[in-house]
Amino acid sequence: MIKSSTLSFLRNIKKNNNRDWFEKNKEKYLLAKENVAAITDALIPQLCLFEKKFTGLTSKECLFRIYRDVRFSKDKRPYKNNIGASINIGGKKAMNAGYYLHIEPGKSFLAGGIWMPPGDVIKKIRQEIDYNGKKINKIISQKDFKKYYGKLDEEYKLKTTPKGYDKDHTDIELLRLNSFIALHNYTDKEISNKNFVKELTKGSKIMKPFLDFLNTGID
């Protein structure tokens with residue numbers, strides 16, 4: 001479970017996003033990081049039951065740094081107010097479709113898919129949708145998938161038709177996506193429950209056919 005001290009640290013760093021405060025409270029950050037790492041390390045063996053390629057993966061390869069890259073950003077706050085982990089074949093540096101766990105007070109979620117991939121990867125995924133539209137529609141229309149994840153995220157959806165496809169294409173709404181993401185939100189109460197890893201495992205298993213479809217196209 002996610003500890004109350006982890007949520008407390010994340011609430012406080014949101015209010016005190018500066019180096020002085022962080023350095024004085026670094027031990028609290030390390031404990032919060034350790035908490036999310038423990039959740040990740042408990043989840044990975046459960047994922048291995050239906051994804052053997054995750055064997056040997058550790059939280060160290062998955063957890064993102066709390067330090068923000070502010071070089072090209074107008075927002076100069078030095079720290080994130082969340083702790084995230086990319087649970088993927090190859091860890092956080094992987095370029096294929098995988099799981100993402102996000103812990104943030106009031107905004108925690110499990111997501112899966114691939115976010116804003118480069119042009120050559122988008123092209124491959126769209127080609128897979130073009131060739132196997134019935135398959136992807138069957139996956140995202142499954143009762144369990146729709147109940148847990150709803151619709152795919154459409155935040156970065158094109159308003160125009162992607163090059164090479166007809167505007168009347170049967171799957172034009174999927175082809176217009178620039179990110180291929182499904183997401184399920186959790187309350188603070190849910191992530192603080194002793195069965196949180198079990199819940200994450202359930203959500204991940206429902207997600208797997210969607211990831212398999214994307215990775216078939218990418219590979």
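The values are calculated or read from the model by the stated rules, or taken from the named source; none is laboratory data. Bear in mind that the values here come from a model prediction, so they are computed numbers and not experimental data. Glycine also receives a Cβ, built like all others from the backbone with ideal geometry; neighbour counts cover every protein chain displayed. SASA here: full protein model, heavy atoms, side chains in, ligands and nucleic acids out. Shrake-Rupley method; radii C 1.70, N 1.55, O 1.52, S 1.80 Å.
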- Item | Spin-label model distance (nm) - GLU34 vs MET1, 7 Å beyond Cα toward Cβ | 1.9 nm
- Filter on LYS107/LYS151; LYS93/LYS159; LYS53/LYS205; LYS26/LYS194; LYS15/LYS76 - keep pairs with C-alpha separation over 21 Å: LYS93/LYS159; LYS26/LYS194
- Task: Measure off, as a whole percent, the carbon and sulfur share of the 1.4 Å-probe accessible area of segment 180-219, all protein chains present.
- Result: 52 percent
- Message: Quick check: pseudo-label points 7 Å beyond the Cα along Cα→Cβ at PHE109 and LYS52, how many nm apart are they?
- Response: 3.3 nm
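Within segment 70-124, which trypsin sites (Lys or Arg not before Pro) sit in a loop by DSSP and count at most 11 neighbouring Cβ atoms inside 10 Å?
Working: sites: ARG71, LYS74, LYS76, LYS80, LYS92, LYS93, LYS107, LYS123, LYS124; in loops: ARG71, LYS74, LYS76, LYS80, LYS107.
When the trypsin sites (Lys or Arg not before Pro) of segment 70-124 are filtered for loop state and at most 11 Cβ neighbours within 10 Å, ARG71, LYS74, LYS76 remain.
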- Measure off 7 Å from each Cα along the Cα-to-Cβ vector at LYS146 and THR170, then give the distance between these two points in nanometres to one decimal. 1.8 nm
- For LYS134, put the label point 7 Å out on the Cα→Cβ axis and report which residues of segment 193-215 keep their amide N under 20 Å from it. 209-210, 212-214
- Which aspartates and glutamates have a Cα lying under 14 Å from the Cα of LYS3, excluding residues fewer than 8 positions away in the same chain? GLU34, GLU104, ASP188, GLU190
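Leaving out ligands and nucleic acids, and using a 1.4 Å probe, what accessible area per residue does the chain come to in Å²?
Numbers: 12750 Å² over 219 residues.
For the chain, the solvent-accessible area averages 58 Å² per residue.
Name the shape class, rounded, prolate or oblate, that the alpha-carbon gyration tensor gives for segment 3-97, where a ≥ b ≥ c are the square roots of its eigenvalues, rounded holds for a/c under 1.5, and otherwise prolate holds if a/b is larger than b/c and oblate otherwise.
It comes out oblate by the Cα gyration axes.
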- Message: Within the chain, which is the longest segment that contains none of the chymotrypsin sites (Phe, Trp or Tyr not before Pro) sitting in a DSSP loop with at most 11 other Cβ atoms within 10 Å?
- Response: 73-219
- Rounded to whole Hz, the Karplus (6.51, -1.76, 1.60) HN-Hα couplings of segment 14-26, x for glycine and proline: 5, 7, 10, 7, 8, 5, 4, 5, 4, 4, 6, 10, 4
- Message: Give the separation of the Cα centroids, segment 128-157 to segment 2-35, in Å.
- Response: 37 Å
- Query: Based on Cβ point charges of +1 for Lys and Arg and -1 for Asp and Glu, what charge dipole magnitude is obtained for the chain about its Cα centre, in debye rounded to the nearest 20?
  - Reply: 560 debye
- Task: Could you go through segment 71-88 in sequence order and give the Karplus-derived ³J(HN,Hα) for each residue, using 6.51 cos²θ - 1.76 cosθ + 1.60 with θ = phi - 60°, rounded to whole Hz, and x for Gly and Pro?
- Result: 4, 10, 10, 6, 7, 9, 4, x, 10, 6, 10, 8, 10, x, 9, 9, 9, 8
- Item | P(r) tail fraction, the chain - alpha-carbon pairs more than 23 Å apart, % | 51 percent
- Item | Built amide H within the under 5 Å cut-off of GLY98, gap 5+ | GLY113
- Taking H placed 1.01 Å from N in the peptide plane, check which residues at least 5 places from ASN178 or on another chain put their amide H under 5 Å from its amide H. TYR156, LYS157, LEU158
- Lys and Arg at +1, Asp and Glu at -1: neighbours of THR170 with Cβ under 12 Å from its Cβ sum to -3
